[in-house]
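All remarks here apply to the structure that follows.
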Amino acid sequence: MSISDKDSTKESSKDSTKDAKALASESINPSADNASGNVDAAWKYLDQHRDADSSAIVDLVALRRKIDFRIVPLMFLAYTLQFLDKVILNYAAVMNLGRDLKLQGNDFSNIATFLFVGLLCFEIPNIYFLQAVPAAKWLGLNVILWGTATACGAAATNYQTLLVSRVFLGIFEATIAPSLMLISSQWYTKSESAPRFSLWYLGLGLGQIVGGLVSYGFQHMGEDAKLAGWRTMFLTLGLCTVLVGSSIIIFLPDTPMKAKWLSDNEKVALLKHVSVNQTGVENRKFRGKEILEALMDPQLYLLLLSVVLLSVSSGVVTTYSATLIRGLGYTPKKAALMNTPSGAVSIFFTLLVGYGIRRQSHRWAWILVCIVPAIIGGALMSFLPTTNRNGILAGIYLVNAVVAPLAIFYNWTVANIAGATKRAFAAAIISGSFSLGNIIGPQTFQAKDAPEYRPAKLAVMGTQAGCAITTFCLFLYYVWQNKKRNNRAENENEDAFMEPEVWARMTDKENKRFRYTY
(Lines give C-alpha, C1' and ligand atoms only; values in the text may rest on other atoms or scores of the structure.)
Protein backbone atom coordinates (compact mmCIF):
# COMPACT_ATOMS: atom_id res chain seq x y z
CA MET A 1 0.00 0.00 0.00
CA SER A 2 1.39 3.46 -0.90
CA ILE A 3 1.75 6.33 1.58
CA SER A 4 -1.08 8.20 -0.09
CA ASP A 5 -3.29 5.14 0.20
CA LYS A 6 -2.49 4.92 3.89
CA ASP A 7 -3.30 8.60 4.36
CA SER A 8 -6.63 8.23 2.60
CA THR A 9 -7.41 5.19 4.72
CA LYS A 10 -6.65 7.15 7.89
CA GLU A 11 -8.81 10.04 6.73
CA SER A 12 -11.74 7.76 5.94
CA SER A 13 -11.26 6.11 9.32
CA LYS A 14 -11.40 9.51 11.04
CA ASP A 15 -14.50 10.47 9.07
CA SER A 16 -16.28 7.26 10.02
CA THR A 17 -15.32 7.81 13.65
CA LYS A 18 -16.69 11.36 13.58
CA ASP A 19 -19.92 10.14 12.01
CA ALA A 20 -20.22 7.43 14.61
CA LYS A 21 -19.67 9.88 17.46
CA ALA A 22 -22.28 12.19 15.99
CA LEU A 23 -24.74 9.35 15.93
CA ALA A 24 -23.84 8.44 19.47
CA SER A 25 -24.49 11.97 20.69
CA GLU A 26 -27.96 12.10 19.16
CA SER A 27 -31.04 10.52 20.65
CA ILE A 28 -31.13 7.62 18.22
CA ASN A 29 -34.27 5.62 18.01
CA PRO A 30 -33.34 2.43 16.14
CA SER A 31 -36.71 0.78 16.66
CA ALA A 32 -37.37 0.54 12.94
CA ASP A 33 -33.98 -0.96 12.26
CA ASN A 34 -34.34 -3.31 15.18
CA ALA A 35 -37.76 -4.45 14.03
CA SER A 36 -36.39 -5.19 10.60
CA GLY A 37 -33.55 -7.15 12.13
CA ASN A 38 -30.77 -4.83 10.94
CA VAL A 39 -29.50 -4.02 14.41
CA ASP A 40 -28.71 -6.36 17.28
CA ALA A 41 -31.06 -6.42 20.29
CA ALA A 42 -28.20 -5.18 22.48
CA TRP A 43 -28.24 -1.85 20.60
CA LYS A 44 -31.89 -1.35 21.46
CA TYR A 45 -31.21 -2.07 25.14
CA LEU A 46 -28.29 0.37 25.22
CA ASP A 47 -30.33 3.03 23.48
CA GLN A 48 -33.14 2.64 26.02
CA HIS A 49 -30.66 2.92 28.91
CA ARG A 50 -28.65 5.95 27.86
CA ASP A 51 -29.62 7.57 31.14
CA ALA A 52 -28.06 4.78 33.22
CA ASP A 53 -26.22 6.16 36.24
CA SER A 54 -22.78 6.87 34.77
CA SER A 55 -21.48 7.86 38.21
CA ALA A 56 -21.88 4.27 39.43
CA ILE A 57 -18.57 2.69 38.44
CA VAL A 58 -18.88 -1.00 37.63
CA ASP A 59 -15.95 -3.21 38.58
CA LEU A 60 -15.54 -5.41 35.50
CA VAL A 61 -13.43 -7.96 37.36
CA ALA A 62 -16.13 -8.41 39.99
CA LEU A 63 -18.81 -8.42 37.29
CA ARG A 64 -16.97 -11.10 35.34
CA ARG A 65 -16.62 -13.21 38.49
CA LYS A 66 -20.34 -12.79 39.19
CA ILE A 67 -21.19 -13.98 35.68
CA ASP A 68 -18.75 -16.89 35.95
CA PHE A 69 -20.46 -18.26 39.04
CA ARG A 70 -23.93 -17.93 37.50
CA ILE A 71 -23.28 -19.11 33.95
CA VAL A 72 -20.26 -21.43 33.77
CA PRO A 73 -21.40 -24.10 36.33
CA LEU A 74 -24.63 -24.73 34.41
CA MET A 75 -22.78 -25.01 31.10
CA PHE A 76 -20.20 -27.25 32.77
CA LEU A 77 -22.88 -29.59 34.14
CA ALA A 78 -24.63 -29.76 30.78
CA TYR A 79 -21.44 -30.64 28.94
CA THR A 80 -20.38 -33.15 31.60
CA LEU A 81 -23.68 -35.01 31.34
CA GLN A 82 -23.82 -34.96 27.54
CA PHE A 83 -20.43 -36.65 27.47
CA LEU A 84 -21.26 -38.98 30.35
CA ASP A 85 -24.54 -40.04 28.75
CA LYS A 86 -22.61 -40.89 25.59
CA VAL A 87 -19.62 -42.55 27.23
CA ILE A 88 -21.61 -44.88 29.50
CA LEU A 89 -22.05 -47.09 26.43
CA ASN A 90 -18.27 -47.49 26.55
CA TYR A 91 -18.52 -48.75 30.14
CA ALA A 92 -21.69 -50.76 29.58
CA ALA A 93 -19.69 -52.76 27.03
CA VAL A 94 -17.70 -54.31 29.90
CA MET A 95 -20.83 -54.73 32.06
CA ASN A 96 -22.42 -57.55 30.04
CA LEU A 97 -24.53 -55.29 27.84
CA GLY A 98 -23.56 -57.33 24.79
CA ARG A 99 -24.55 -60.59 26.50
CA ASP A 100 -27.87 -59.27 27.80
CA LEU A 101 -28.92 -57.84 24.42
CA LYS A 102 -27.33 -60.65 22.39
CA LEU A 103 -25.18 -58.27 20.33
CA GLN A 104 -23.18 -59.84 17.51
CA GLY A 105 -20.40 -58.82 15.13
CA ASN A 106 -20.35 -55.05 14.60
CA ASP A 107 -23.64 -54.38 16.44
CA PHE A 108 -21.87 -52.45 19.19
CA SER A 109 -19.93 -50.29 16.71
CA ASN A 110 -23.16 -49.55 14.87
CA ILE A 111 -24.92 -48.48 18.09
CA ALA A 112 -22.01 -46.14 18.88
CA THR A 113 -22.00 -44.79 15.33
CA PHE A 114 -25.72 -44.13 14.92
CA LEU A 115 -25.81 -41.88 17.97
CA PHE A 116 -23.65 -39.50 15.97
CA VAL A 117 -25.70 -40.10 12.82
CA GLY A 118 -28.74 -38.82 14.72
CA LEU A 119 -26.69 -35.90 16.03
CA LEU A 120 -25.39 -35.06 12.57
CA CYS A 121 -28.80 -35.23 10.89
CA PHE A 122 -30.39 -32.83 13.37
CA GLU A 123 -27.68 -30.17 13.05
CA ILE A 124 -29.40 -28.68 9.98
CA PRO A 125 -32.85 -28.02 11.56
CA ASN A 126 -30.97 -27.00 14.70
CA ILE A 127 -29.68 -23.95 12.80
CA TYR A 128 -33.22 -22.59 12.61
CA PHE A 129 -34.05 -23.29 16.24
CA LEU A 130 -30.85 -21.62 17.45
CA GLN A 131 -32.14 -18.37 15.96
CA ALA A 132 -35.88 -18.79 16.46
CA VAL A 133 -35.70 -19.90 20.11
CA PRO A 134 -33.58 -18.39 22.92
CA ALA A 135 -30.41 -20.49 23.14
CA ALA A 136 -30.70 -21.06 26.90
CA LYS A 137 -34.30 -22.32 26.72
CA TRP A 138 -33.57 -24.49 23.68
CA LEU A 139 -30.56 -25.97 25.47
CA GLY A 140 -32.51 -26.71 28.65
CA LEU A 141 -35.33 -28.40 26.75
CA ASN A 142 -32.94 -30.63 24.85
CA VAL A 143 -31.02 -31.56 28.00
CA ILE A 144 -34.30 -32.81 29.50
CA LEU A 145 -35.11 -34.75 26.33
CA TRP A 146 -31.72 -36.41 26.01
CA GLY A 147 -31.85 -37.32 29.70
CA THR A 148 -35.15 -39.03 28.98
CA ALA A 149 -33.60 -40.87 26.01
CA THR A 150 -30.70 -42.04 28.21
CA ALA A 151 -33.08 -43.34 30.87
CA CYS A 152 -35.12 -45.13 28.19
CA GLY A 153 -31.96 -47.02 27.19
CA ALA A 154 -32.38 -48.98 30.42
CA ALA A 155 -35.51 -50.58 28.95
CA ALA A 156 -33.72 -51.87 25.83
CA THR A 157 -34.35 -55.56 25.14
CA ASN A 158 -32.30 -56.07 21.96
CA TYR A 159 -30.03 -54.41 19.42
CA GLN A 160 -32.85 -52.50 17.71
CA THR A 161 -34.37 -50.95 20.84
CA LEU A 162 -31.00 -49.78 22.19
CA LEU A 163 -30.16 -48.38 18.76
CA VAL A 164 -33.36 -46.31 18.71
CA SER A 165 -32.72 -44.85 22.17
CA ARG A 166 -29.16 -43.87 21.19
CA VAL A 167 -30.32 -42.26 17.93
CA PHE A 168 -32.75 -40.08 19.89
CA LEU A 169 -29.97 -39.30 22.35
CA GLY A 170 -27.91 -38.02 19.42
CA ILE A 171 -30.79 -35.95 18.05
CA PHE A 172 -31.33 -34.14 21.35
CA GLU A 173 -27.60 -33.71 22.02
CA ALA A 174 -27.15 -31.98 18.64
CA THR A 175 -27.72 -28.57 20.22
CA ILE A 176 -25.25 -28.82 23.10
CA ALA A 177 -22.08 -27.53 21.43
CA PRO A 178 -23.70 -24.83 19.21
CA SER A 179 -25.82 -23.56 22.12
CA LEU A 180 -22.88 -23.35 24.50
CA MET A 181 -20.79 -21.63 21.84
CA LEU A 182 -23.44 -18.96 21.25
CA ILE A 183 -24.22 -18.49 24.95
CA SER A 184 -20.54 -18.07 25.84
CA SER A 185 -20.05 -15.46 23.13
CA GLN A 186 -22.89 -13.35 24.59
CA TRP A 187 -21.17 -12.82 27.93
CA TYR A 188 -17.44 -12.54 27.23
CA THR A 189 -14.95 -10.88 24.91
CA LYS A 190 -12.93 -13.08 22.56
CA SER A 191 -9.92 -13.27 24.87
CA GLU A 192 -12.12 -13.92 27.93
CA SER A 193 -14.23 -16.57 26.24
CA ALA A 194 -11.37 -18.96 25.44
CA PRO A 195 -10.68 -19.95 29.07
CA ARG A 196 -14.45 -20.10 29.76
CA PHE A 197 -14.82 -22.51 26.86
CA SER A 198 -12.11 -24.58 28.50
CA LEU A 199 -13.92 -24.47 31.86
CA TRP A 200 -17.21 -25.90 30.60
CA TYR A 201 -15.30 -28.22 28.29
CA LEU A 202 -13.65 -29.72 31.40
CA GLY A 203 -16.92 -31.62 31.69
CA LEU A 204 -15.54 -34.04 29.10
CA GLY A 205 -12.58 -35.01 31.28
CA LEU A 206 -14.72 -35.17 34.40
CA GLY A 207 -17.21 -37.33 32.52
CA GLN A 208 -14.44 -39.82 31.76
CA ILE A 209 -13.44 -40.01 35.42
CA VAL A 210 -16.97 -40.12 36.80
CA GLY A 211 -17.97 -42.64 34.14
CA GLY A 212 -15.26 -45.06 35.27
CA LEU A 213 -16.20 -44.68 38.92
CA VAL A 214 -19.93 -44.97 38.24
CA SER A 215 -19.37 -48.08 36.13
CA TYR A 216 -17.18 -49.59 38.84
CA GLY A 217 -19.87 -48.93 41.43
CA PHE A 218 -22.75 -50.36 39.41
CA GLN A 219 -20.72 -53.44 38.55
CA HIS A 220 -20.99 -54.43 42.22
CA MET A 221 -24.70 -55.07 41.80
CA GLY A 222 -25.23 -58.80 42.10
CA GLU A 223 -26.52 -61.11 39.37
CA ASP A 224 -29.72 -61.50 41.38
CA ALA A 225 -30.54 -57.76 41.18
CA LYS A 226 -33.93 -56.98 39.65
CA LEU A 227 -32.27 -54.52 37.27
CA ALA A 228 -28.87 -55.20 35.71
CA GLY A 229 -26.03 -52.86 36.68
CA TRP A 230 -25.77 -51.21 33.28
CA ARG A 231 -29.54 -50.65 33.15
CA THR A 232 -29.51 -49.00 36.58
CA MET A 233 -26.61 -46.83 35.43
CA PHE A 234 -28.54 -45.66 32.36
CA LEU A 235 -31.64 -44.88 34.42
CA THR A 236 -29.78 -43.02 37.19
CA LEU A 237 -27.74 -40.81 34.87
CA GLY A 238 -30.80 -40.10 32.72
CA LEU A 239 -32.77 -38.80 35.71
CA CYS A 240 -29.81 -36.65 36.85
CA THR A 241 -29.67 -35.14 33.36
CA VAL A 242 -33.37 -34.26 33.46
CA LEU A 243 -32.81 -32.37 36.73
CA VAL A 244 -29.91 -30.39 35.24
CA GLY A 245 -31.98 -29.54 32.16
CA SER A 246 -34.77 -28.18 34.36
CA SER A 247 -32.22 -26.05 36.24
CA ILE A 248 -30.90 -24.59 32.98
CA ILE A 249 -34.39 -23.50 31.91
CA ILE A 250 -34.98 -21.85 35.30
CA PHE A 251 -31.61 -20.27 36.06
CA LEU A 252 -29.78 -19.59 32.78
CA PRO A 253 -30.81 -16.21 31.25
CA ASP A 254 -31.55 -16.05 27.54
CA THR A 255 -29.32 -12.99 27.11
CA PRO A 256 -27.40 -10.60 29.40
CA MET A 257 -30.26 -8.11 28.95
CA LYS A 258 -32.66 -10.57 30.64
CA ALA A 259 -30.46 -11.48 33.60
CA LYS A 260 -32.50 -10.58 36.70
CA TRP A 261 -29.40 -10.76 38.89
CA LEU A 262 -27.68 -7.92 37.01
CA SER A 263 -28.51 -4.25 37.55
CA ASP A 264 -29.13 -1.93 34.59
CA ASN A 265 -25.69 -0.36 35.11
CA GLU A 266 -24.04 -3.78 35.11
CA LYS A 267 -25.87 -4.80 31.92
CA VAL A 268 -24.84 -1.59 30.15
CA ALA A 269 -21.24 -2.01 31.30
CA LEU A 270 -21.21 -5.63 30.13
CA LEU A 271 -22.66 -4.83 26.70
CA LYS A 272 -20.10 -2.05 26.22
CA HIS A 273 -17.39 -4.47 27.25
CA VAL A 274 -18.35 -7.24 24.80
CA SER A 275 -19.03 -4.78 21.97
CA VAL A 276 -15.39 -5.15 20.89
CA ASN A 277 -16.28 -8.63 19.59
CA GLN A 278 -18.38 -7.03 16.82
CA THR A 279 -20.43 -10.24 16.65
CA GLY A 280 -23.58 -9.04 18.44
CA VAL A 281 -25.60 -10.64 21.23
CA GLU A 282 -29.06 -11.49 19.86
CA ASN A 283 -30.75 -11.08 16.51
CA ARG A 284 -33.64 -13.31 15.50
CA LYS A 285 -33.94 -12.37 11.80
CA PHE A 286 -32.87 -15.20 9.50
CA ARG A 287 -30.71 -14.12 6.53
CA GLY A 288 -30.28 -16.77 3.88
CA LYS A 289 -27.45 -14.89 2.19
CA GLU A 290 -25.31 -15.38 5.30
CA ILE A 291 -25.51 -19.14 4.82
CA LEU A 292 -24.41 -18.70 1.20
CA GLU A 293 -21.51 -16.57 2.41
CA ALA A 294 -20.57 -19.24 4.95
CA LEU A 295 -20.58 -21.91 2.23
CA MET A 296 -18.06 -19.84 0.26
CA ASP A 297 -15.88 -19.03 3.26
CA PRO A 298 -12.56 -20.96 3.26
CA GLN A 299 -12.23 -20.73 7.04
CA LEU A 300 -15.39 -22.81 7.52
CA TYR A 301 -13.97 -25.65 5.44
CA LEU A 302 -10.61 -25.54 7.22
CA LEU A 303 -12.38 -25.59 10.57
CA LEU A 304 -14.64 -28.42 9.42
CA LEU A 305 -11.77 -30.56 8.12
CA SER A 306 -9.68 -29.95 11.23
CA VAL A 307 -12.51 -30.95 13.57
CA VAL A 308 -13.33 -34.08 11.55
CA LEU A 309 -9.71 -35.23 11.70
CA LEU A 310 -9.48 -34.40 15.39
CA SER A 311 -12.73 -36.16 16.21
CA VAL A 312 -11.77 -39.50 14.68
CA SER A 313 -9.44 -40.03 17.64
CA SER A 314 -12.03 -38.58 19.99
CA GLY A 315 -14.52 -41.16 18.75
CA VAL A 316 -12.01 -43.92 19.35
CA VAL A 317 -11.16 -42.98 22.94
CA THR A 318 -14.78 -42.18 23.80
CA THR A 319 -16.20 -45.47 22.62
CA TYR A 320 -13.43 -48.02 22.85
CA SER A 321 -10.90 -47.02 25.50
CA ALA A 322 -12.40 -49.33 28.14
CA THR A 323 -12.54 -52.15 25.57
CA LEU A 324 -8.87 -51.61 24.65
CA ILE A 325 -7.87 -51.67 28.32
CA ARG A 326 -9.86 -54.82 28.96
CA GLY A 327 -8.10 -56.38 25.96
CA LEU A 328 -4.83 -56.01 27.86
CA GLY A 329 -6.07 -58.66 30.28
CA TYR A 330 -7.81 -56.59 32.94
CA THR A 331 -11.14 -57.60 34.48
CA PRO A 332 -14.22 -55.46 33.63
CA LYS A 333 -14.13 -53.71 37.02
CA LYS A 334 -10.41 -53.06 36.75
CA ALA A 335 -10.78 -51.82 33.16
CA ALA A 336 -13.35 -49.24 34.29
CA LEU A 337 -11.03 -47.92 36.98
CA MET A 338 -7.96 -48.01 34.75
CA ASN A 339 -9.75 -45.72 32.27
CA THR A 340 -10.18 -42.87 34.78
CA PRO A 341 -6.65 -41.42 34.20
CA SER A 342 -7.82 -40.65 30.65
CA GLY A 343 -10.10 -38.01 32.15
CA ALA A 344 -7.23 -36.55 34.17
CA VAL A 345 -5.17 -36.18 30.98
CA SER A 346 -8.10 -34.47 29.25
CA ILE A 347 -8.55 -32.06 32.15
CA PHE A 348 -4.83 -31.23 32.31
CA PHE A 349 -4.54 -30.34 28.63
CA THR A 350 -7.87 -28.47 28.61
CA LEU A 351 -6.74 -26.28 31.52
CA LEU A 352 -3.32 -25.84 29.91
CA VAL A 353 -4.67 -24.51 26.62
CA GLY A 354 -7.32 -22.36 28.35
CA TYR A 355 -4.69 -20.67 30.52
CA GLY A 356 -2.20 -20.47 27.67
CA ILE A 357 -4.61 -18.76 25.28
CA ARG A 358 -5.64 -16.25 27.92
CA ARG A 359 -2.00 -15.40 28.61
CA GLN A 360 -0.37 -15.74 25.18
CA SER A 361 -3.15 -16.23 22.60
CA HIS A 362 -1.73 -18.26 19.65
CA ARG A 363 -4.64 -20.70 19.53
CA TRP A 364 -3.10 -22.57 16.60
CA ALA A 365 0.12 -23.25 18.54
CA TRP A 366 -1.76 -24.63 21.56
CA ILE A 367 -3.64 -27.01 19.30
CA LEU A 368 -0.31 -28.37 18.06
CA VAL A 369 0.91 -28.68 21.65
CA CYS A 370 -1.95 -31.11 22.27
CA ILE A 371 -1.67 -32.99 18.98
CA VAL A 372 1.99 -33.97 19.46
CA PRO A 373 1.42 -36.11 22.60
CA ALA A 374 -1.69 -37.59 20.95
CA ILE A 375 0.42 -38.74 18.00
CA ILE A 376 2.96 -40.22 20.42
CA GLY A 377 0.12 -42.00 22.21
CA GLY A 378 -1.14 -43.40 18.92
CA ALA A 379 2.35 -44.70 18.13
CA LEU A 380 2.64 -46.40 21.52
CA MET A 381 -0.76 -48.04 21.04
CA SER A 382 0.08 -49.17 17.52
CA PHE A 383 3.65 -50.43 17.63
CA LEU A 384 4.31 -51.72 21.14
CA PRO A 385 3.83 -55.48 21.66
CA THR A 386 0.73 -56.46 23.61
CA THR A 387 2.98 -57.77 26.37
CA ASN A 388 3.99 -54.18 27.17
CA ARG A 389 0.81 -53.28 29.05
CA ASN A 390 2.21 -50.20 30.75
CA GLY A 391 3.43 -48.70 27.47
CA ILE A 392 0.11 -49.31 25.73
CA LEU A 393 -1.78 -47.86 28.71
CA ALA A 394 0.41 -44.75 28.51
CA GLY A 395 -0.48 -44.49 24.81
CA ILE A 396 -4.22 -44.77 25.53
CA TYR A 397 -3.93 -42.03 28.14
CA LEU A 398 -1.84 -39.71 25.94
CA VAL A 399 -4.32 -39.91 23.05
CA ASN A 400 -6.79 -38.12 25.34
CA ALA A 401 -4.74 -34.93 24.94
CA VAL A 402 -6.54 -34.60 21.62
CA VAL A 403 -9.87 -33.72 23.22
CA ALA A 404 -8.64 -30.32 24.47
CA PRO A 405 -8.24 -28.64 21.03
CA LEU A 406 -11.94 -29.10 20.28
CA ALA A 407 -12.71 -26.32 22.76
CA ILE A 408 -10.34 -24.06 20.82
CA PHE A 409 -12.06 -24.84 17.52
CA TYR A 410 -15.42 -24.09 19.16
CA ASN A 411 -14.05 -20.77 20.42
CA TRP A 412 -12.56 -19.95 17.03
CA THR A 413 -15.92 -20.55 15.37
CA VAL A 414 -17.84 -17.94 17.36
CA ALA A 415 -14.89 -15.53 17.67
CA ASN A 416 -14.09 -15.35 13.95
CA ILE A 417 -17.52 -15.72 12.35
CA ALA A 418 -19.89 -12.77 12.65
CA GLY A 419 -23.51 -12.42 11.58
CA ALA A 420 -26.23 -14.15 13.61
CA THR A 421 -27.36 -16.56 10.88
CA LYS A 422 -23.84 -17.26 9.64
CA ARG A 423 -22.59 -17.87 13.17
CA ALA A 424 -25.48 -20.21 14.04
CA PHE A 425 -24.91 -22.07 10.78
CA ALA A 426 -21.17 -22.34 11.39
CA ALA A 427 -21.67 -23.51 14.98
CA ALA A 428 -24.01 -26.25 13.76
CA ILE A 429 -21.63 -27.28 10.97
CA ILE A 430 -18.62 -27.50 13.28
CA SER A 431 -20.65 -29.47 15.80
CA GLY A 432 -21.77 -31.69 12.93
CA SER A 433 -18.18 -32.21 11.80
CA PHE A 434 -17.40 -33.41 15.33
CA SER A 435 -20.19 -35.94 14.86
CA LEU A 436 -18.82 -36.99 11.48
CA GLY A 437 -15.42 -37.71 13.01
CA ASN A 438 -17.09 -39.71 15.76
CA ILE A 439 -18.97 -41.70 13.11
CA ILE A 440 -15.72 -42.56 11.35
CA GLY A 441 -13.78 -43.33 14.55
CA PRO A 442 -15.84 -46.29 15.87
CA GLN A 443 -16.10 -47.73 12.37
CA THR A 444 -12.32 -48.18 12.30
CA PHE A 445 -12.92 -50.83 14.98
CA GLN A 446 -13.96 -53.96 13.14
CA ALA A 447 -14.65 -57.27 14.86
CA LYS A 448 -12.17 -59.02 12.56
CA ASP A 449 -9.33 -56.82 13.93
CA ALA A 450 -9.87 -57.82 17.58
CA PRO A 451 -8.16 -57.83 20.00
CA GLU A 452 -5.35 -55.52 18.79
CA TYR A 453 -7.45 -53.30 16.48
CA ARG A 454 -4.28 -52.17 14.68
CA PRO A 455 -6.05 -50.25 11.82
CA ALA A 456 -7.97 -48.14 14.36
CA LYS A 457 -4.80 -47.28 16.26
CA LEU A 458 -3.03 -46.26 13.05
CA ALA A 459 -6.04 -44.09 12.15
CA VAL A 460 -5.46 -42.15 15.38
CA MET A 461 -1.93 -41.25 14.29
CA GLY A 462 -2.80 -40.35 10.73
CA THR A 463 -5.77 -38.14 11.52
CA GLN A 464 -3.84 -36.22 14.17
CA ALA A 465 -1.04 -35.47 11.76
CA GLY A 466 -3.61 -34.28 9.23
CA CYS A 467 -5.25 -32.03 11.83
CA ALA A 468 -1.89 -30.41 12.61
CA ILE A 469 -1.48 -29.51 8.92
CA THR A 470 -4.99 -28.06 8.48
CA THR A 471 -4.67 -26.08 11.72
CA PHE A 472 -1.48 -24.43 10.49
CA CYS A 473 -3.19 -23.63 7.17
CA LEU A 474 -6.04 -21.99 9.12
CA PHE A 475 -3.52 -19.87 11.03
CA LEU A 476 -1.93 -18.72 7.74
CA TYR A 477 -5.38 -17.89 6.35
CA TYR A 478 -6.24 -15.67 9.30
CA VAL A 479 -2.90 -13.84 9.09
CA TRP A 480 -3.45 -13.27 5.37
CA GLN A 481 -7.01 -12.00 5.86
CA ASN A 482 -5.97 -9.54 8.56
CA LYS A 483 -3.18 -8.17 6.36
CA LYS A 484 -5.60 -7.78 3.45
CA ARG A 485 -7.78 -5.50 5.55
CA ASN A 486 -5.55 -2.51 4.66
CA ASN A 487 -2.97 -3.27 7.36
CA ARG A 488 -4.79 -1.00 9.79
CA ALA A 489 -3.93 -1.81 13.39
CA GLU A 490 -7.21 -0.92 15.04
CA ASN A 491 -8.02 -1.90 18.59
CA GLU A 492 -11.71 -1.64 19.31
CA ASN A 493 -12.54 -0.35 22.77
CA GLU A 494 -15.58 0.33 24.86
CA ASP A 495 -15.77 3.95 23.69
CA ALA A 496 -16.91 2.63 20.32
CA PHE A 497 -19.88 0.72 21.72
CA MET A 498 -22.51 2.97 20.12
CA GLU A 499 -20.99 2.98 16.65
CA PRO A 500 -23.41 1.48 14.09
CA GLU A 501 -20.77 -0.92 12.77
CA VAL A 502 -20.51 -2.58 16.18
CA TRP A 503 -24.15 -3.62 16.52
CA ALA A 504 -25.24 -3.61 12.87
CA ARG A 505 -26.10 -7.00 11.47
CA MET A 506 -22.91 -7.59 9.49
CA THR A 507 -20.87 -10.70 8.88
CA ASP A 508 -17.10 -10.86 9.31
CA LYS A 509 -16.76 -10.47 5.52
CA GLU A 510 -19.06 -7.44 5.37
CA ASN A 511 -17.48 -5.67 8.33
CA LYS A 512 -14.08 -4.48 7.13
CA ARG A 513 -13.15 -3.44 10.68
CA PHE A 514 -13.46 -7.03 11.84
CA ARG A 515 -10.20 -8.73 12.80
CA TYR A 516 -9.67 -12.48 13.04
CA THR A 517 -8.09 -13.96 16.15
CA TYR A 518 -5.58 -16.77 15.93
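Picking from residues in the range 399-449 that are among the β-branched types (V, I, T) and part of a loop (DSSP other than H, G, I, E, B), the one that is farthest from W187 (Cα to Cα) is T444. Report whether or not W364 is in contact (Cβ under 8 Å) with a residue 24 or more places away in the chain, of a type in the set (F, W, Y) and surrounded by fewer than 24 Cβ atoms within 10 Å (Cβ to Cβ). Yes.
Look through the range 335-353, keep the residues that are in a helix (DSSP H, G or I) and of a type in the set (S, T, N, Q), and return whichever of them is surrounded by the fewest Cβ atoms within 10 Å (Cβ to Cβ). Across the range 335-353, the extreme among qualifying residues is T340. For the range 200-216, does any single residue satisfy the condition of being among the aliphatic types (A, V, I, L, M) and either free of Cβ contacts under 8 Å to residues at least 40 places away in the same chain or touching a strand residue (DSSP E or B) at 6+ places or on another chain (Cβ under 6 Å) (or both)? Checking the range 200-216: not a single residue is among the aliphatic types (A, V, I, L, M) and either free of Cβ contacts under 8 Å to residues at least 40 places away in the same chain or touching a strand residue (DSSP E or B) at 6+ places or on another chain (Cβ under 6 Å) (or both).
Residues in the range 218-228 that are within 19 Å of A151 (Cα to Cα) and either among the hydrophobic types (A, V, I, L, M, F, W, C) or exposed (fewer than 15 other Cβ atoms within 10 Å of the Cβ) (or both): F218, M221, A225, K226, L227, A228. Would you call G288 at pLDDT below 85 and within 19 Å of the chain's Cα centre (by Cα)? Answer is no for this residue. With respect to F234, is the statement that it is buried (at least 17 other Cβ atoms within 10 Å of the Cβ), at pLDDT 85 or above, among the aromatic types (F, W, Y) and part of a helix (DSSP H, G or I) true? Answer is yes for this residue. Just checking, does the range 179-188 include any residue being at pLDDT 85 or above, of a type in the set (A, V, I, L, M), closer than 30 Å to V61 by Cβ and part of a helix (DSSP H, G or I)? Yes, there is a match, as at least one residue in the range 179-188 is at pLDDT 85 or above, of a type in the set (A, V, I, L, M), closer than 30 Å to V61 by Cβ and part of a helix (DSSP H, G or I). Tallying residues that are aromatic (F, W, Y) and surrounded by fewer than 18 Cβ atoms within 10 Å (Cβ to Cβ) within the range 115-128 yields 1.
Of all residues in the range 284-296, those that are surrounded by 15 or more Cβ atoms within 10 Å (Cβ to Cβ) and under 14 Å from A427 (Cα atoms) total 3.
Only one of the listed residues (G105, G98, G170) is in contact (Cβ under 8 Å) with a residue 40 or more places away in the chain, part of a helix (DSSP H, G or I) and among the small types (G, A, S). That residue is G170. For the range 153-177, the candidate set comprises residues that are within 26 Å of the chain's Cα centre (by Cα) and of a type in the set (G, A, S); within that set, the residue that is surrounded by the fewest Cβ atoms within 10 Å (Cβ to Cβ) is S165.
Criterion first (touching a Gly at 6+ places or on another chain (Cβ under 6 Å) and either under 26 Å from G356 (Cβ atoms) or surrounded by fewer than 21 Cβ atoms within 10 Å (Cβ to Cβ) (or both)) does P195 satisfy it? Yes: the conditions hold for P195. Scanning the range 308-362 for residues that are among the small types (G, A, S), touching a helix residue (DSSP H, G or I) at 6+ places or on another chain (Cβ under 7 Å), farther than 30 Å from V479 by Cβ and at pLDDT below 80 yields a count of 5. Hey, does the range 405-422 have a residue that's at pLDDT below 85, within 27 Å of E510 (Cα to Cα) and polar (S, T, N, Q)? Within the range 405-422, one or more residues are at pLDDT below 85, within 27 Å of E510 (Cα to Cα) and polar (S, T, N, Q).
Considering only residues that are of a type in the set (A, V, I, L, M, F, W, C) and within 19 Å of the chain's Cα centre (by Cα), which ones fall in the range 68-91?
I71, V72, L74, M75, F76, L77, A78, L81, F83, L84, V87
The values are calculated or read from the model by the stated rules, or taken from the named source; none is laboratory data. Given the structure is predicted, the values throughout are model-derived calculations rather than measurements. Quick reminder, even Gly has a Cβ in these numbers, built from the backbone with ideal geometry, and neighbours come from all protein chains shown.
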